[in-house]
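*Asks:* Take a look at the following structure, please.
What follows is calculated from the coordinates using simple rules that are stated; it is not laboratory data. Keep in mind that this is a model prediction, so the values were computed, not measured. Don't worry about glycine lacking a Cβ; one is built from the backbone with ideal geometry, like all the others, and counts go over all protein chains shown.
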Amino acid sequence: MLWTNSTTLITNNLRVIRNAWQLHYALSLVIMVQCCSVSVALLTP
């Protein structure tokens, strides 16, 4: 019983960590695209 609860807790923690990393990469991608588009707009005459 205790082992099952700890396994469930570890699984839930890993799910939260994975979701946090996905959010981090998604935000990084959005920021990178925005910076590139601003750079292109500034370089365009």
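*Asks:* Between Ser37 and Ile17, what is the spin-label point distance in nm, taking each point 7 Å from the Cα along the Cα→C-beta axis?
*Replies:* It is 3.4 nm.
*Asks:* What distance in nm lies between label points placed 7 Å from Cα along the C-beta direction at Leu29 and Thr8?
*Replies:* 3.3 nm
*Asks:* Can you give me the angle between helix 2-43 and the longest principal axis of the chain, using Cα atoms only, in degrees from 0 to 90, rounded to the nearest 10?
*Replies:* In the chain, helix 2-43 runs at an angle near 0 degrees to the longest axis.
*Asks:* With the cut-off at 1.5 for a/c, could you classify the chain from its C-alpha gyration tensor as rounded, prolate or oblate? List each step's numbers first, then the result.
*Replies:* Numbers: a/c = 12.23, a/b = 11.96, b/c = 1.02.
Because a/c hits 1.5 or more and a/b exceeds b/c, the chain counts as prolate.
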